[in-house]
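The values are calculated or read from the model by the stated rules, or taken from the named source; none is laboratory data. From a predicted model like this one, the values you see are computed outputs, not experimental measurements. No Cβ is skipped: glycine too gets one built from the backbone with ideal geometry, and neighbour counts run over all protein chains shown. Note: areas computed on protein heavy atoms with side chains; ligands, DNA, RNA excluded. Shrake-Rupley method; radii C 1.70, N 1.55, O 1.52, S 1.80 Å.
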Amino acid sequence: KKADDLGKRLVKAYETSSGLPHGSINLGSGHSNNFGWNSNAYILAEVGTQQVEYRYLARATGTTSYATKSEHVFDLLHKIQPNDGLLFQNLAENGNNPPAFSGSKVSFGAMGDSVYEYMLKVWVQGGKKEPMYREMWDRAMNGLH
């Protein structure tokens, strides 16, 4: 019951025009935003590292929207993933189109590294039956080399 209550509060961060979650949310009011110190851009490592937890929460509570909202992030990232597989660390809303990368910095350190981990973690969590996550990982690792 408490997990579902917290999930209902946290998932409001996904109520954006793109479906990417804001990096900060007020659990009382539900107001969410990104950080001014990062020019209000979405941070790759933040949007792409919630899927394992939200998928587990969906199973534990029976509220499937927790999983689908978080998985939608990887659907979006998959659509905009460059041919070399390397994702830029900042993203921005792009009107009615999928979000777009803002800036040109790729990071396997702060603000970027964990999204690559989650590609594999979500693939494993799904019983290795969701090829998109593994394909994204393989493309990124090929781009790294």
Using DSSP to call loops (not H, G, I, E or B), can you name the trypsin sites (Lys or Arg not before Pro) in the range 1-64 whose Cβ has at most 13 other Cβ atoms within 10 angstrom?
1
Helix-only [θ] at 222 nm, the chain, -39500 (n - 2.57) per DSSP H run of 4+, per residue, nearest 500, equals -14000 deg cm²/dmol
Under a Gaussian network model of the chain whose springs join Cα atoms within less than 10 Å, the largest fluctuation of 39, 24, 114 belongs to 39
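Go through the range 1-68 and name the GluC sites (Glu not before Pro) that are in a DSSP coil and have 13 or fewer other Cβ atoms within 10 Å of their Cβ. Provide the component values of the computation, followed by the final result.
Numbers: sites: 15, 46, 53; in loops: 15.
Answer by residue number: 15.
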Euclidean distance of C-alpha centroids, the range 93-144 and the range 27-84, integer Å
12 Å
What stretch of the chain, leaving out the sites themselves, is the longest with no chymotrypsin sites (Phe, Trp or Tyr not before Pro) in a DSSP loop having at most 15 other Cβ atoms within 10 Å?
36-107
Qualifying trypsin sites (Lys or Arg not before Pro) for the range 81-131 [loop in DSSP, other Cβ within 10 Å: at most 11]
128, 129
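Would you kindly state how much longer the chain becomes between residue 15 and residue 120 on full extension, computed as 0.36 nm times their sequence separation minus their alpha carbon distance, in nm to one decimal?
35.2 nm
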Can you give me the % of accessible surface on the chain that is carbon or sulfur? Probe 1.4 Å, all protein chains present, nothing else counted.
52 percent
Could you work out how far apart the two model spin labels at residue 39 and residue 24 are, taking each label as a point 7 Å from the Cα in the direction of the beta carbon, and quote it in nm?
1.9 nm
If the chain between residue 31 and residue 113 were fully extended at 0.36 nm per residue, the gain over the current Cα-Cα distance would be 26.8 nm
Matching label, mean projected area of the Cα convex hull in nm² computed from the structure shown, candidates (1) 9.9; (2) 8.8; (3) 14.6:
(2)
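Counting only heavy atoms of protein chains, what accessible area per residue, in Å², does the chain have with a probe of 1.4 Å?
With all protein chains present, the chain gives 53 Å² per residue.
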FRET efficiency for residue 59 and residue 142, using Cβ-Cβ distance with R0 set to 41 Å, rounded to 0.05
0.80
